[in-house]
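None of the figures in this text is laboratory data; all of them are computed from the coordinates on show. For clarity, every value in this text was computed on a predicted model and none was experimentally measured.
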Amino acid sequence: MSRVPLPYNPKILELFRNPKNLGRMEDATVTAVAGNPACGDMITFYLKINDQDVIERASFESYGCAANIATSSIVTEMVKGMKLEEAWKITWKSVVEAVGGLPSVKFHCGILAVGALKRAIRTYYKRKDFSPDWLQKEPSFEEKQALEEEELAKILSKRMKMEEEK
């Protein structure tokens, strides 16, 4: 059985080969993770936020495919200099558009990247014990999707272990 390479556009390939803001941020204000190692895609987001709730710096670590790295990279570029309220409005569709499109089987990478961003923002405000009016109470679409993907990966991992034990 042969595997056909996915039709990634030049922008995705460039961000994959030369990701922006890749690496751990030691002085991050907040960190958030999305994904699951069992499914192959993991993202850790680091945000440095100033006293005016502006994202001064953003970086990421990724374990995943070209689309995972490219979407994480573009999100870190998009949010630099943004107030948290603006960053919250970023959607997975805007991320897919920013990277010039993704094969439909890779849309989940944009969803995970935005899910990690929104988790970081939510964590920031939880630590401050404050919830601004614009921060929705229920998890966003991207947060829900990231949770569902993580739950599915846990189920599949358990099934694989059970199969191995037979």
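Taking each DSSP H run with n ≥ 4 as -39500 (n - 2.57) and averaging over every residue of the chain yields -15500 deg cm²/dmol at 222 nm.
Short-range pairs are left out: with C-alpha atoms under 8 Å and at least six residues apart, the relative contact order of region 10-165 is 25 percent.
Residue pairs exceeding 18 angstrom between C-alpha atoms, taken from 83/144; 93/118; 80/144; 48/118; 48/80; 89/154: 83/144; 80/144; 89/154. Between helix 141-165 and the chain there is an angle of about 30 degrees, using the helix long axis and the longest principal axis of the Cα atoms. Using the alpha carbons alone, the radius of gyration of the chain stands to its Kirkwood radius in an Rg to Rh ratio of 1.00. The value of relative contact order for region 52-123, using C-alpha pairs under 8 Å at least six residues apart, is 35 percent. If you line up the long axis of helix 107-127 against the longest principal axis of the chain, both from Cα atoms, how many degrees apart are they, to the nearest 10? Helix 107-127 and the main axis of the chain meet at about 40 degrees.
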